[in-house]
Amino acid sequence: MMKVLFLDTVHPVLAERLSQAGMDCIDGTSHTTVKAIDAHNDAAGIVLRSRIRVDAELLDRLPHLRFICRSGAGLENIDLASAFDRGIEVFNSPEGNRDAVGEHALGMLLSLMNLLREADASVKQGQWDREGHRGMELSSRTVGILGYGHMGSAFASKLTGMGCRILACDPYRDDIDGDLQGKVRHVDLATLKREADVLSIHCHLTPETKGMVDREFLYGFAKPIVLINTARGAILSSSGLLDALQTGHVVAAALDVFERETSSFETVANEGDAVWMRLMAHPRIQVSPHVAGWTEESYVKLSSVLADKVIAKFG
């Protein structure tokens, strides 16, 4: 019987479905990662989220490993080269939270453009300032999507009913699939920077993209932009964003992810430093605690997608 070791907590539907498919699902979450692995080093599969770094040393402790399940989209915590060298399949589940991310990004964008947070606070303080909360219509803007995978295309899908122009920039693809053909235009980075009023970041975190959106990058846009980041915090330079806000290159920003997040995404490091304090105090930055893909529905779907993939390959 194929043994699957759960190193992080995910929705129970994954264990239920793998058990129904004849696999032996072991809960290792009450032990440290190393202790759980050493106790079950005959595991054929492991299940984890973002907290655990899967490197060559960890893989060497699991000589019978055939697959890794990463609940979520990002794979930056997994040494893919070492896994593939050992013939290990790596499954993730961006299909499970793509709609959640797309909706969250759209919600943040609409809130910024219509000053909803500011208006709410103002009225609750006894003010009635209609002119001071005059918003901007998304339908007259051009939205640029940087990174056009599951998350970027989901955001584009949510935007199609808003009447805005939608540009997608992704150096690893040059096509627009399915229902979005004719509604989304694929462009190069120079065109994106020249035409966009809004920039929404949906890249994977890689050595290439880490720190990519910095001061110079943001200063390169032809028009002042509204910026959204629901991807990974390390893609966007916090100090670069603050500079761009100061100079007017960025009008406002919404951040669900942060440069200083820990690998588990459960907290941030160095909360007391000057850059972090400026981010949190800035009146034109709206924030949320890495929850764009964190909905009741996505919690179930992330595990269901993994179950589908594992059973299709090994069931």
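I'm told Ala254 meets every condition in (1) surrounded by 16 or more Cβ atoms within 10 Å (Cβ to Cβ); (2) in contact with a Lys or Arg (Cβ under 9 Å, 6 or more places away or on another chain) except one. Can you identify the failing condition by its number?
With respect to (1) surrounded by 16 or more Cβ atoms within 10 Å (Cβ to Cβ); (2) in contact with a Lys or Arg (Cβ under 9 Å, 6 or more places away or on another chain), Ala254 is out only on (2).
Pairs needed: first member in segment 6-21, at negative phi; second member anywhere, part of a loop (DSSP other than H, G, I, E, B) and polar (S, T, N, Q); C-beta distance under 6 Å; at least 6 residues apart or different chains.
Pairs that qualify, where the first residue is at negative phi and the partner is part of a loop (DSSP other than H, G, I, E, B) and polar (S, T, N, Q), are Thr9/Thr29; Val10/Ser71.
With respect to the numbered conditions (1) without any contact (Cβ under 8 Å) to a residue 24 or more places away in the chain; (2) more than 22 Å from Ser288 (Cβ to Cβ); (3) of a type in the set (A, V, I, L, M, F, W, C), which one is the sole condition not fulfilled by Leu180?
Failed condition: (1).
Go through (1) in a loop (DSSP other than H, G, I, E, B); (2) touching a helix residue (DSSP H, G or I) at 6+ places or on another chain (Cβ under 8 Å); (3) of a type outside the set (Lys, Arg) one by one and return the number of the condition Leu106 breaks.
The one condition Leu106 does not meet is (1).
Checking Ala39 against (1) loosely packed, with under 14 Cβ neighbours inside 10 Å; (2) touching a Leu at 6+ places or on another chain (Cβ under 6 Å), which single condition isn't satisfied?
Single failed check for Ala39: (2).
Pull up segment 138-152, narrow it to residues that are buried (at least 24 other Cβ atoms within 10 Å of the Cβ) and in contact with a Leu (Cβ under 9 Å, 6 or more places away or on another chain), then point me to the one that is farthest from Asp170 (Cα to Cα).
Checking each candidate, the answer is Val143.
Report, by residue number, each residue of segment 203-229 that is touching a strand residue (DSSP E or B) at 6+ places or on another chain (Cβ under 7 Å) and either touching a residue at least 60 places away in the same chain (Cβ under 8 Å) or assigned to a strand (DSSP E or B) (or both).
Val213, Ile225, Val226, Leu227, Ile228, Asn229, listed by residue number.
Would it be correct to say that Ile228 is buried (at least 23 other Cβ atoms within 10 Å of the Cβ), within 20 Å of Met113 (Cα to Cα) and β-branched (Val, Ile, Thr)?
yes
Would you mention how many residues in segment 259-315 are of a type in the set (Phe, Trp, Tyr) and not assigned by TED's automatic domain parsing to the domain that holds Gly102?
3
Out of the residues in segment 68-83 that are in a helix (DSSP H, G or I) and either over 23 Å from Leu18 (Cα atoms) or among the basic types (Lys, Arg) (or both), state the one that is farthest from the chain's Cα centre (by Cα).
Step by step, filter segment 68-83, then rank; the result is Ser82.
Hey, Trp276 hits all of (1) free of Cβ contacts under 8 Å to residues at least 24 places away in the same chain; (2) outside any loop (DSSP other than H, G, I, E, B) but one; which does it fall short on?
(1)
Only one residue in Tyr148, Tyr172 is aromatic (Phe, Trp, Tyr) and either at pLDDT below 95 or more than 25 Å from Gln286 (Cα to Cα) (or both). Which one?
Only one candidate passes the filter, namely Tyr172.
Identify, from the list Val47, Val4, Val101, the residue that is buried (at least 20 other Cβ atoms within 10 Å of the Cβ), farther than 24 Å from Thr262 by Cβ and modelled with pLDDT of 95 or more.
After applying the criteria, what remains is Val4.
Answer yes or no: is there a residue in segment 65-81 that is in contact with an Asp or Glu (Cβ under 6 Å, 6 or more places away or on another chain), touching a residue at least 60 places away in the same chain (Cβ under 8 Å) and closer than 30 Å to Phe314 by Cα.
Within segment 65-81, one or more residues are in contact with an Asp or Glu (Cβ under 6 Å, 6 or more places away or on another chain), touching a residue at least 60 places away in the same chain (Cβ under 8 Å) and closer than 30 Å to Phe314 by Cα.
State which residue is farthest from Leu205 (Cα to Cα) when the search covers only segment 226-283 and only residues that are in contact with an Asp or Glu (Cβ under 6 Å, 6 or more places away or on another chain) and modelled with pLDDT of 95 or more.
That would be Gly240.
Of all the residues that make up segment 4-59, how many are hydrophobic (A, V, I, L, M, F, W, C) and part of a strand (DSSP E or B)?
The number of residues fulfilling the criteria is 9.
The values are calculated or read from the model by the stated rules, or taken from the named source; none is laboratory data. Owing to the predicted nature of the structure, the values given are computational and were not obtained by experimental measurement. For neighbour counting, all protein chains shown are included, and Cβ atoms are generated from backbone atoms with ideal geometry for every residue, glycine included.
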